[in-house]
Amino acid sequence: MTLEEQLVAIERKLWKNDAVLYEENLIDEALLVFAETGVITRDVAIDAIREENAKGRRWADVAFDDMRTLQLGADAALLTYKATARWEGETAKMVALCTSAYVLRNNAWKLALHQQTAIDAPR
């Protein structure tokens with residue numbers, strides 16, 4: 001499996017909005033950056049996901065486009081892409097440019113930083 005395939009597989013897991021998958025795939029000191037929240041820690045993100053899930057809020061579907069991978073060294077890599085996603089029970093789609101930084105820990109790629117910039121959804 002190529003590096004890009006490995007990183008995309010992790011991203012797809014994380015878009016399931018499942019707290020357990022965040023616990024398994026993010027380093028303890030990971031940071032996430034969203035316009036709605038600013039910079040948040042892994043633990044804050046996990047707590048927010050649990051709250052969303054308790055309210056039945058999950059992504060219904062997500063598509064990735066324009067993926068690019070940049071290996072920064074033997075143990076660090078970036079993945080950038082455009083995500084188009086829709087929450088269950090909603091018709092409007094969210095479109096964002098995303099960048100995720102990964103580090104290799106114990107022979108497994110783990111998310112260290114994820115940042116999203118919302119862009120206008122296609123009409």
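The values are calculated or read from the model by the stated rules, or taken from the named source; none is laboratory data. Note that the structure is predicted; figures quoted are calculated from it, not measured. Every residue, glycine among them, receives a Cβ derived from its backbone with ideal geometry; neighbour counts consider all protein chains shown.
Scanning the range 67-111 for residues that are at pLDDT 95 or above and β-branched (Val, Ile, Thr), we see that the one that is surrounded by the fewest Cβ atoms within 10 Å (Cβ to Cβ) is Thr80. The residues of the range 1-34 that are assigned to a loop (DSSP other than H, G, I, E, B) and in contact with a strand residue (DSSP E or B) (Cβ under 6 Å, 6 or more places away or on another chain), listed by number, are Trp15, Asn17. Touching a residue at least 40 places away in the same chain (Cβ under 8 Å) and touching a helix residue (DSSP H, G or I) at 6+ places or on another chain (Cβ under 8 Å) - does that describe any residue in the range 39-60? Yes, the range 39-60 contains a residue that is touching a residue at least 40 places away in the same chain (Cβ under 8 Å) and touching a helix residue (DSSP H, G or I) at 6+ places or on another chain (Cβ under 8 Å).
Tallying residues that are outside any helix (DSSP H, G or I), surrounded by 15 or more Cβ atoms within 10 Å (Cβ to Cβ) and of a type in the set (Val, Ile, Thr) within the range 35-58 yields 1.
Cβ-Cβ contacts under 8 Å between residues 6 or more apart (or on different chains), taken from a first residue in the range 78-102 that is more than 28 Å from Glu29 (Cβ to Cβ) to a second residue that is of a type in the set (Phe, Trp, Tyr) and at pLDDT below 95, are listed as Arg86/Trp59; Trp87/Trp59; Glu88/Trp59.
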